[in-house]
1. Taking all protein chains as present, what is the carbon and sulfur share of the accessible area of the stretch 289-341, in % to the nearest whole number, probe 1.4 Å?
2. List the trypsin sites (Lys or Arg not before Pro) within the stretch 177-225 that DSSP assigns to loop and that have no more than 12 neighbouring Cβ atoms inside 10 Å.
3. Keeping all protein chains in place and using 1.4 angstrom, which order do 120, 417 fall into by accessible surface area, from largest down?
4. For the stretch 26-235, what is the accessible area per residue in Å², given a 1.4 Å probe and the full set of protein chains?
5. Just flag the GluC sites (Glu not before Pro) in the stretch 397-459 sitting in loop per DSSP whose Cβ has no more than 12 other Cβ atoms within 10 Å.
6. For the stretch 289-341, what's the relative contact order in percent, using C-alpha pairs closer than 8 Å and at least 6 residues apart?
7. What lysines sit close enough to residue 73 to cross-link, taking a C-alpha to C-alpha distance under 29 Å and skipping anything fewer than 8 places away on the same chain?
8. For the stretch 289-341, rounded, prolate or oblate, judged on the Cα gyration tensor with a ≥ b ≥ c (square roots of eigenvalues), a/c < 1.5 rounded, else prolate if a/b > b/c?
Amino acid sequence: DVLALPIFKQEESSLPPDNENKILPFQYVLCAATSPAVKLHDETLTYLNQGQSYEIRMLDNRKLGELPEINGKLVKSIFRVVFHDRRLQYTEHQQLEGWRWNRPGDRILDIDIPMSVGIIDPRANPNQLNTVEFLWDPAKRTSVFIQVHCISTEFTMRKHGGEKGVPFRVQIDTFKENENGEYTEHLHSASCQIKVFKPKGADRKQKTDREKMEKRTPHEKEKYQPSYETTILTECSPWPEITYVNNSPSPGFNSSHSSFSLGEGNGSPNHQPEPPPPVTDNLLPTTTPQEAQQWLHRNRFSTFTRLFTNFSGADLLKLTRDDVIQICGPADGIRLFNALKGRMVRPRLTIYVCQESLQLREQQQQQQQQQQKHEDGDSNGTFFVYHAIYLEELTAVELTEKIAQLFSISPCQISQIYKQGPTGIHVLISDEMIQNFQEEACFILDTMKAETSDSYHIILK
């Protein structure tokens, strides 16, 4: 009867299921105190000061005979500061790009190398502001000191002024070498929840939490965890493994990371830059989930590929505007909805051009003589073929680039563009002149060799 008392049952339930006797191969300990204002069954929360160096001890926790293949060898650990909130995880790429814009030249996560012990070849990719990595020997003492430079309130909506900051996660993924000498075989992952404050803000917050707890009754205090001097990172699933697959054949740690991008933090399977999406890249109801994933990548929606993993084209097209905005947020939601519906942006100006040649001149004369044949549909090969040029910026530079693209030549090969004016004069094309072109104006393009170089002048007639 005594053993059946609720208090004993509660203690039993607080033990993690299936993990009671599980010893993890590594243990990571963040040397910062946990908050005392965390309820018993909630995850620990640790407060950090912006830019302050905090030690994380890398401990070899293997049992005798466990993972003998890494004895005497190095392993690689990748540190990340990521969002704890799922909604922010879906928009991680946009959030980090916004932070980069507001804090040019700064990083979210850094290693304090002079203070760290036992780390080898530390790296911080300039394209991944929230990630650092290094090699270490489990048999030797290893401590890495990290600095987090973003603060939790930088990612809040700030609608009500004193809105609380968002929590982050520090996640560590550790890998061993494969047979090709690449660190891609996952060994262990662990993470903990943190909030980052302006300098000394974490100490004030810790003190405030402690004072709040002291005011509570002993019965209320039993519902909360004690504050521990250090934070033990708990086991978690690895950050999407595909991110670490490295196709570089170079041995050891010297594998290329230059092809990584921020969006791949969400498990993008593509490391090569995508070609620009074709103009008619519309999603079809018959599109398979795999093709839908590729479509999302091509159209700059890589952040949401994990969210829409099993969605076919038909599933995505059934989403209403409100559905998409609720899932992706206002900005990306509207962009994705418009992309799904294939809404094209009309160009500011459309003109039609045709290349002039001796043959075309002869055809023009024949065209006047054989007007009746044209009407009967027998053009006899004497009609002109025009190409559409769509202009957005309405500048001479843009027109030069579009004409060069049409003729498959470099813009450098076009020296000047002129418009034939009254009495056959050549008027130099300017931005203001293009802005005054009529919509759907037609021009014959004539080319003239430049006198002093291998380039050409283009004349619009």
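1. With neighbouring chains kept in place, the figure for the stretch 289-341 is 51 percent.
2. Details: sites: 195, 200, 204, 205, 207, 210, 212, 215, 216, 221, 223; in loops: 200, 215, 216, 223.
Here the trypsin sites (Lys or Arg not before Pro) that fit, given the DSSP loop and packing criteria, are 200, 215, 223.
3. So the residues, ranked largest to smallest area, are 120, 417.
4. Numbers: 10640 Å² over 210 residues.
Here the residues of the stretch 26-235 average 51 Å² of exposed surface.
5. Numbers: sites: 398, 401, 432, 439, 440, 451; in loops: 439, 440, 451.
Answer in residue order: 439, 440, 451.
6. 31 percent
7. Counting by Cα, and skipping residues close in sequence, residue 73 has these lysines nearby: 22, 63, 140, 176.
8. prolate
The values are calculated or read from the model by the stated rules, or taken from the named source; none is laboratory data. All values reported here derive from a predicted model rather than from experimental measurement. Virtual Cβ from ideal backbone geometry, glycine too; neighbours counted across all protein chains shown. Please note that ligands, DNA and RNA were not included when accessible areas were found on the heavy atoms of the full protein model with its side chains. Shrake-Rupley method; radii C 1.70, N 1.55, O 1.52, S 1.80 Å.
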